[in-house]
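Colleague: Can you keep this structure in mind? I'll have questions shortly.
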Amino acid sequence: MKRVLSIAVVVLMIFSAMNMFAGGQKESAKDGTIVIGANIYSFADNFMNGVMKPELERYAKEKGAKIEIVDSEGQQAKLNDQVDVFITKKVSVLAINLVDPAAAGTIIAKAKAAKIPLILFNKEATEAGAMASYDKVWYVGTNSAESGIIQGQMMVADWKANPSWDKNGDGTVQYVLLKGEPGHPDAEARTRESVKAFVDAGIKVEQLALEADPNWSTQHGNDKMAAWLTSGFGNKIELVICNNDGMAFGAINALKAAKVALPLYGVDALDQALTHIADGEMNGTVLNDGVNQSRATLDLAINAAQGKPVTEGTAWSLTSDGTKAVRVPYLPVTPKNYKEFRK
Ligand code: GAL
Ligand code: CA
């Protein structure tokens with residue numbers, strides 16, 4: 001009897017060792033390297049492709065991790081399939097830039113079913129309860145509202161300092177606004193907060209036009225600005241508010257083509273924006289710190305893949321508001337300080 005029992009114990013031990021081995025294989029490539037399955041919602045996006053993607057690649061290398069970054073081409077259905085492929089390949093961890101922020105639940109459910117940790121970055125989940133549905137999902141991004149508040153404060157200060165900007169002298173800011181992706185927390189918060197800054201400062205505002213673009217693109221900025229300039233209200237525009245630099249670049253092109261100069265602001269602080277500020281074609285932007293957002297994404301991903309507390313040994317901390325998020329601060333970039341942001 002004793003012997004039978006000890007054989008049973010040995011068999012059990014062998015089985016659990018085999019299980020551990022299988023589990024261990026899932027967590028990493030055969031040589032122990034952490035493999036990160038990542039995407040960018042669209043490689044056509046200036047900020048995501050120009051700032052975040054190169055730093056994700058560089059920093060992964062620095063950390064000795066392997067990263068595969070795929071292009072979701074602005075299609076959530078494509079991203080869903082890409083995540084399925086990553087799961088089949090048994091990546092150690094997923095780093096996902098949602099196409100549709102309202103589709104977070106689908107991605108989270110896939111990761112949870114496969115028991116793979118998930119870092120969402122840049123586009124915050126908008127579905128209530130999505131983040132709470134899995135204990136191994138975290139978010140890396142910003143506090144969206146902060147960018148609109150900073151942009152708004154810059155615009156209010158400049159408006160007050162430049163009475164000639166009120167072209168018709170009615171004490172009201174006649175503005176046009178390039179919004180970006182409807183439903184994107186950044187686009188929604190920037191639109192709300194930048195305009196609110198004027199209202200809070202006791203300055204009246206009149207929106208002449210607002211256009212959204214899911215791709216935040218330069219082409220869109222160019223086309224809309226050109227159309228606005230030749231519309232019935234073209235000569236009434238006093239301020240151009242752009243929720244990102246990519247769209248701002250297009251608006252600048254259209255303004256130049258029409259030989260019109262107007263105060264114009266963006267968000268992101270791309271290198272080209274710093275040049276436009278130097279050239280006096282842009283009045284300000286807001287640093288969207290994609291380099292640090294990329295690093296935070298990978299630091300959390302690597303810890304999660306190793307089953308460690310996600311912020312352990314890193315420069316980041318999770319917000320205390322229960323959103324399981326690391327939020328990298330925004331900074332104002334003006335004609336006075338833009339040189340500090342040049343690389
Ligand atoms: C924002 C950024 C935009 C665009 C967007 C994509 O944070 O300001 O330029 O890249 O993310 O989700
Ligand atoms: Ca006015």
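The values are calculated or read from the model by the stated rules, or taken from the named source; none is laboratory data. Being a predicted model, the structure only gives us computed values, none of them experimental. Note that each Cβ is placed from the backbone with ideal geometry, even for glycine, and that neighbours are counted across all protein chains shown. Note: areas computed on protein heavy atoms with side chains; ligands, DNA, RNA excluded. Shrake-Rupley method; radii C 1.70, N 1.55, O 1.52, S 1.80 Å.
Colleague: Among ASP321, ASP268, what's the order by accessible area (1.4 angstrom probe), most exposed first?
Modeller: Accessible-area ranking of ASP321, ASP268, largest first: ASP321, ASP268.
Colleague: Students often forget the sequence filter, so: which lysines lie under 30 Å Cα-Cα from LYS343 once same-chain residues fewer than 8 apart are removed?
Modeller: Within the straight-line cut-off, LYS343 pairs with LYS53, LYS61, LYS63, LYS66, LYS123, LYS179, LYS256.
Colleague: Please give the per residue volume of the convex hull enclosing the alpha carbon atoms of the chain, rounded to a whole number of Å³.
Modeller: Given the Cα convex hull of the chain, per-residue volume reads 145 Å³.
Colleague: If you don't mind, another one. Which one of VAL195, ASN235, ALA111 has its Cα pushed farthest toward the positive end of the charge dipole of the chain, where Lys and Arg give +1 and Asp and Glu give -1 at the Cβ?
Modeller: ALA111
Colleague: Of all accessible surface on the chain at a 1.4 Å probe, what whole percent is carbon and sulfur?
Modeller: 56 percent
Colleague: May I pose another question? Along the charge dipole of the chain, pointing to its positive end and built from +1/-1 on Cβ of Lys, Arg, Asp and Glu, which listed residue (GLY280, LEU262, TYR139) has its Cα farthest out?
Modeller: With unit charges placed on the Cβ atoms, the residue in question is TYR139.
Colleague: I would also like to ask the following. Quick one: Cα centre-to-centre distance for the range 283-343 and the range 173-226, in angstrom?
Modeller: 24 Å
Colleague: For the full complex of protein chains and a 1.4 angstrom probe, list TYR265, TYR59 by accessible area with the highest value first.
Modeller: Accessible-area ranking of TYR265, TYR59, largest first: TYR59, TYR265.
Colleague: Follow-up. Probe radius 1.4 Å, ligands and nucleic acids left out: which of THR142, THR334 has the largest accessible area, and how do the rest follow?
Modeller: Final ranking, largest accessible area leading: THR334, THR142.
Colleague: Given the chain, what percent of its DSSP beta bridges are antiparallel, to the nearest 5?
Modeller: Antiparallel bridges make up about 10 percent of those DSSP assigns within the chain.
Colleague: About the Cα centre, and with charges only on the beta carbon of Lys, Arg (+1) and Asp, Glu (-1), how big is the dipole of the range 145-288? Nearest 20 debye, please.
Modeller: Using only the charged Cβ atoms, the result is roughly 420 debye.
Colleague: Once every DSSP H run of n ≥ 4 in the chain is given -39500 (n - 2.57) and the sum is divided by its residues, what mean residue ellipticity at 222 nm do you get, rounded to the nearest 500 deg cm²/dmol?
Modeller: -13500 deg cm²/dmol
Colleague: When ligands, DNA and RNA are left out and all protein chains stay put, how many square angstrom of accessible area per residue does the chain have with a 1.4 Å probe?
Modeller: On a per-residue basis, the chain sits at 46 Å².
Colleague: Give me the percent relative contact order of the range 145-288, please, defined on Cα pairs under 8 angstrom at least 6 residues apart.
Modeller: Relative contact order for the range 145-288 comes out at 26 percent.
Colleague: Please report the Cα spread of the range 145-288 along all three principal axes, rounded to whole Å, starting with the longest.
Modeller: Principal extents (Cα only, largest first): 35, 33, 29 Å.
Colleague: Report the charge-dipole magnitude of the chain in Debye, nearest 20, computed about the Cα centre from +1 at each Lys and Arg Cβ and -1 at each Asp and Glu Cβ.
Modeller: Charge dipole, the chain, about its Cα centre: 1280 debye, nearest 20.
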